[in-house]
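The values are calculated or read from the model by the stated rules, or taken from the named source; none is laboratory data. Model, not experiment: these values are computed from the prediction. When we count neighbours, we look across all protein chains shown, and the Cβ atoms used for this are built from the backbone with ideal geometry, even at glycine.
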Amino acid sequence: MESAPFPEVIPGWSGKVSVEHTSAECTGSWRLLGDTAGRVIECDHCGRAYPATAENRLAAIDENYAGIYLCRLASEGAAKLPPDQR
Ligand SMILES: [Zn+2]
């Protein structure tokens, strides 16, 4: 059985399509660009782009949510460190 990370947050996403950055280290966010005739999902850091299909858009939203969540965790963790170790 397929498992989507946030199926309750992104209804309709099958979890079978993913959008990949040019490298695993890229921390960019996906954004929707273009007009109705030529919309794409593009990373604001590495520039990788995909056609803005419904599945690609949902996969990009999923990854952006995960990135926001990880940033919050990192920030909360940093706040617990002594000031000289942040
Ligand atoms: Zn990227």
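Based on what the data block shows, is ALA74 surrounded by 12 or more Cβ atoms within 10 Å (Cβ to Cβ), of a type outside the set (Ser, Thr, Tyr) and over 16 Å from GLY15 (Cα atoms)? Outline the logic, then answer.
On the way: surrounded by 12 or more Cβ atoms within 10 Å (Cβ to Cβ): no; of a type outside the set (Ser, Thr, Tyr): yes; over 16 Å from GLY15 (Cα atoms): yes.
In short, no.
Scan the stretch 65-85 and give yes if some residue there is away from the ligand (no atom under 16 Å from the Cβ), part of a loop (DSSP other than H, G, I, E, B) and at negative phi, otherwise no.
Kept after step one, since they are away from the ligand (no atom under 16 Å from the Cβ), are these residues of the stretch 65-85: 69, 72-85.
Those left that are additionally part of a loop (DSSP other than H, G, I, E, B): 81-82.
Restricting the remaining residues to those that are at negative phi gives 81-82.
For the stretch 65-85, residues away from the ligand (no atom under 16 Å from the Cβ), part of a loop (DSSP other than H, G, I, E, B) and at negative phi: present.
Going through the stretch 16-33 one residue at a time, which ones are over 13 Å from ALA60 (Cβ atoms), more than 9 Å from the ligand (Cβ to nearest atom) and either modelled with pLDDT under 90 or among the hydroxyl-bearing types (Ser, Thr, Tyr) (or both)?
LYS16
Return the total of residues in the stretch 43-55 being within 14 Å of the ligand (Cβ to nearest atom) and surrounded by fewer than 20 Cβ atoms within 10 Å (Cβ to Cβ).
To start, the set of residues in the stretch 43-55 that are within 14 Å of the ligand (Cβ to nearest atom) comprises 43-50.
Those left that are additionally surrounded by fewer than 20 Cβ atoms within 10 Å (Cβ to Cβ): 44-50.
Result for the stretch 43-55: 7.
Yes or no: LEU73 within 15 Å of GLU20 (Cα to Cα) and not aromatic (Phe, Trp, Tyr)?
Details: within 15 Å of GLU20 (Cα to Cα): no; not aromatic (Phe, Trp, Tyr): yes.
So LEU73 does not fit the description; no.
Of the numbered conditions (1) modelled with pLDDT of 80 or more; (2) within 18 Å of TYR65 (Cβ to Cβ), GLY38 fails exactly one; give the number of that condition.
Every condition holds for GLY38 apart from (2).
So is GLY38 out of contact with any Ser or Thr (no Cβ under 8 Å at 6 or more places or on another chain), in a loop (DSSP other than H, G, I, E, B) and away from the ligand (no atom under 11 Å from the Cβ) or not?
Values: out of contact with any Ser or Thr (no Cβ under 8 Å at 6 or more places or on another chain): yes; in a loop (DSSP other than H, G, I, E, B): yes; away from the ligand (no atom under 11 Å from the Cβ): yes.
Yes.
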